[in-house]
């Protein structure tokens, strides 16, 4: 018997790739700017992840229905069989409240990373950290033109600090 059978973990519920609560707020944010159908939501999320993650209709449509029931979004029109939604005032208020608590949200995300660090081998952790760094730098490259002068100044300082840390890592690698 293969010790690493794909069925070894069948009884363990795997975490969602994107927590429903976070997805709910992402949809609210997207619908602040644009009226969207479920298909539009799936396409937009897929585009934002460079095609690495496309939510299924089975996750999006029940979520949209729940959000409409909760008064977070409302239907603005129907096009054929597609219902087109927009963020409601209540949804906008909930989104603002969540964004005001972004420090708490960031803390929860960091806790998730700590748990992953416990679960995986050091070599795999390094790969994940490098992927995260590349992802962050790619986003900076895309969004740099949208930054105001104070944020650009802050970014320059942070990049200098990061550059210093990278040099320290390289120096430490020379020791081994």
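In what order do 82, 163 fall by count of nearby beta-carbon atoms within 10 Å, going from fewest to most?
The fewest-first ordering by Cβ neighbours comes to 163, 82.
Tell me, what is the FRET efficiency for residue 143 and residue 116 to the nearest 0.05, using R0 = 22 angstrom and their Cβ-Cβ distance as r?
With a Förster radius of 22 Å, E is 0.30.
What ranking of 32, 98 emerges when the number of other C-beta atoms within 10 Å of each C-beta is taken as an exposure proxy, fewest first?
32, 98
Send over the semi-axes of the stretch 48-94's equivalent ellipsoid, whole angstrom and largest first, taken as the square roots of 5 times the C-alpha gyration tensor eigenvalues.
20, 15, 11
If I stretch the segment between residue 90 and residue 56 completely, what's the gain in nm (0.36 nm per residue apart, minus their alpha carbon distance), one decimal?
9.6 nm
Which of 131, 101, 158 moves most in a GNM of the chain, Cα contacts under 10 Å?
Of 131, 101, 158, the Gaussian network model singles out 158 as fluctuating most.
Could you check the simple spin-label distance between residue 74 and residue 162, using points 7 Å along Cα→Cβ, in nm with one decimal?
If labels sit at residue 74 and residue 162, their model points lie 4.2 nm apart.
Kirkwood Rh over alpha-carbon pairs of the stretch 122-174, then Stokes-Einstein at 4 °C and 1.567 mPa s: what D in µm² s⁻¹, rounded to an integer?
Answer, rounded: 102 µm²/s.
Express the relative contact order of the chain as a whole percentage, based on alpha carbon pairs under 8 Å and six or more residues apart in sequence.
The normalised contact order for the chain reaches 15 percent.
Can you compute the radius of gyration and Dmax for the stretch 20-99, using only the Cα atoms, both in Å?
Computed over the Cα atoms of the stretch 20-99, radius of gyration and Dmax are 11.8, 35 Å.
Can you pull the percent of Cα pairs in the chain with separation above 22 Å?
Value for the chain (Cα pairs over 22 Å): 63 percent.
Rounded to the nearest 500 deg cm²/dmol, what is the calculated helix-only ellipticity per residue at 222 nm for the chain, with -39500 (n - 2.57) per DSSP H run of length n ≥ 4?
Dividing the helical sum by the residues of the chain leaves -22000 deg cm²/dmol.
Which ordering of 135, 25 is given by a fewest-first count of other beta-carbon atoms within 10 Å?
Listing 135, 25 from fewest to most nearby Cβ atoms yields 135, 25.
At a Förster distance of 45 Å, what's the computed FRET efficiency of residue 175 paired with residue 26, Cβ-Cβ distance as r, to 0.05?
After rounding to 0.05, the efficiency reads 0.55.
For helix 122-143, what angle does its Cα long axis make with the longest principal axis of the chain, in degrees from 0 to 90 and rounded to 10?
Computed tilt is about 60 degrees.
A short reminder: the numbers here are calculations on the coordinates, not readings from a lab. Predicted model only: the values in this text are computed from it and were never measured. Positions of Cβ are backbone-derived with ideal geometry, glycine not excepted, and every protein chain shown enters the neighbour counts.
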